[in-house]
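Working notes, beginning with the structure itself.
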Amino acid sequence: MNSRLLNYAPLRVNWKILLIFAWLLLSTGLLAAQATFSAGPPLLHQVRKIYVAQSSDDFVLLVKARLEKWDAVRTTSKPEEADAILTCQTQSTIVPAKAVVRRTIAEVTLVDARSQKPIWRTTKSAIFDANGLADDIIEQLKKDWRKSASEY
């Protein structure tokens, strides 16, 4: 046969095989998209159950007590039941001044219970007032939680 005729010869297409192939490509792509979408941590407003990790510092108890009063989320005693895990680290320093001043810095982090990826984090400090510091942290969490819901 002439090579020019091969270039112009009509191709016979088996439509059933083509449709099956297209379906496979489409379904594989959709599955991959679903896996990619669900692999990330939840958005902050999707967190409904929080496990508060134990700490050697009593400050975490102040944060937990305020968190338990919030109606939008619940605390759980088992990390496997939680959407997210809240950890709290504090550092206290004595600041030289005319009077002794104790400054507490708290870093609070909320991580996805499954992937351990951070969802939310804040660092705040206060002088002498651990109760006020715990209030500020939970108020910031509430504000950011509401903002996350309104952006979604």
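Quick rundown of the values:
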quantity	calculated
Distance between modelled label sites at residue 102 and residue 146, nm, 7 Å Cα→Cβ extension	3.3
Order by protection proxy (mean Cβ within 10 Å, highest first), peptides 91-100, 41-50	41-50, 91-100
Rg over Rh, two decimals, segment 35-117 (C-alpha only, Kirkwood Rh)	1.11
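Laboratory data are not the source of any read-out in this text; all were calculated from the coordinates shown. Keep in mind it's a predicted model, so treat the numbers as computed, not measured. Cβ: placed from backbone, ideal geometry, glycine included. Neighbour counts: every protein chain shown.
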